[in-house]
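Structure first, then comments.
The values are calculated or read from the model by the stated rules, or taken from the named source; none is laboratory data. Predicted model only: the values in this text are computed from it and were never measured. A quick note on method: Cβ atoms are made from the backbone with ideal geometry, for glycine too, and the neighbour counts reach across all protein chains shown.
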Amino acid sequence: MKVSIKQISEITGFSPATVSNALNYKRGVNAETSARIFKAARDLGYYDDSRISKVKFVMFKKNGVIVEDNPFFPMLIAGVEQESRANGMEMIMCNLDKRDAGYEEQVKWLQNDKASVIVLLGTELMDEDLDLVRGISNPFVTIDYWKEDMSFNSIVINNEDSTRMATEYLIAKGHREIGYLKGKFRITSFRGREEGYRSALHRAGIPMKEEYQVTLSTTIDGAYEDMKRYLGTNPKLPTAFFADDDMIAHGAMKAITECGLCIPKDISIIGFDDVAFSAVSSPALTTVRVPKQDLGRVAVQRLKQMMKDKGGPNLKIAVGTQFIERDSVREI
């Protein structure tokens, strides 16, 4: 027998109108009241996964320095939307910005959303934000973030192996002085890429020199300004750099060329992501291509499987990359 709004009203003590407004996400019901109503509805069996017809794409922002104005993410979102549509579901967008005054209430609404399965873009998610993730009761997956305890489903890029192979490419080209353009905001993906860089040097018996580690902002303009300041100190430079992503690489390249150095004659550079303009920059950037739309598609496919299996094991799915050889690396 289907649970009614009247039954939920009797259990919680709230009026049927308040219960209805909360369950339909209408304004005017505070977060605490909504949480009590959603819990009662869940306990009584009001919800059924077979009724879910929406995929909520949640873009989490801690400070916005990675996900804002980055051409990587529209392609990923397109993949989520296409796969949702192919499965007869509607995708809706939701920004969850930790800088907003109403952040805590937004989190509670998300955690109590029983009408949607959730794709959480966790690029800027840090370990201290995990209460958000652990409070979601509907099927959900994170993209670009995972936790070692495997307490939730994650779709990630194969960061460590991809960067190791990119660094090994530089080594195969004869480079032994290899630096690292390190993103200032240490997201999970960047930490994985750093491990890949270190691993490649270690395997080749090449010492990692701290003077070749340059910390840069994660926007093109910020990386450009930071690299320009660094070059202004007349440092000893390596023959090549690996950059945490293409945005950092392009900002650094602009600063390097303005200082009178030539890429790749004087310094070689490899990026990561293969954003659209990397193919047409001067020189065209050698980089690691991430299948952006496939990341989104795999996330929705995993959600559909979770809805079907109900209670299956959590999975960490690593999506492979492709190395793209262009013009920003020379052979020594």
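Of note:
- Here E124 meets each of (1) among the acidic types (D, E); (2) crowded, with 20+ Cβ neighbours inside 10 Å; (3) not assigned by TED's automatic domain parsing to the domain that holds Q305 with one exception, condition (3).
- From the list F242, F185, the one residue that fits, being touching a residue at least 40 places away in the same chain (Cβ under 8 Å), closer than 19 Å to I66 by Cβ, outside any loop (DSSP other than H, G, I, E, B) and not β-branched (V, I, T), is F242.
- Every condition in (1) at pLDDT 95 or above; (2) loosely packed, with under 15 Cβ neighbours inside 10 Å; (3) β-branched (V, I, T) is met by I92 except one, and the failing one is (1).
- The stretch 15-26 residues that are under 13 Å from S4 (Cα atoms), paired with ones that are modelled with pLDDT of 85 or more and charged (D, E, K, R) (beta carbon under 8 Å, 6 or more apart): P16/K6
- Cβ pairs under 6 Å, 6+ apart, first in the stretch 199-213 and over 11 Å from I171 (Cβ atoms), second aromatic (F, W, Y): Q213/Y180
- Number of residues in the stretch 228-244 that are touching a Leu at 6+ places or on another chain (Cβ under 9 Å) and farther than 13 Å from Q213 by Cβ equals 3.
- Count - residues of the stretch 272-287 that are outside any loop (DSSP other than H, G, I, E, B) and under 9 Å from D246 (Cα atoms): 3
- Filter result (touching a Ser or Thr at 6+ places or on another chain (Cβ under 8 Å) and crowded, with 17+ Cβ neighbours inside 10 Å) within the stretch 290-316: V290, P291, V300
- Residue in the stretch 134-156 that is buried (at least 21 other Cβ atoms within 10 Å of the Cβ) and small (G, A, S) present: yes
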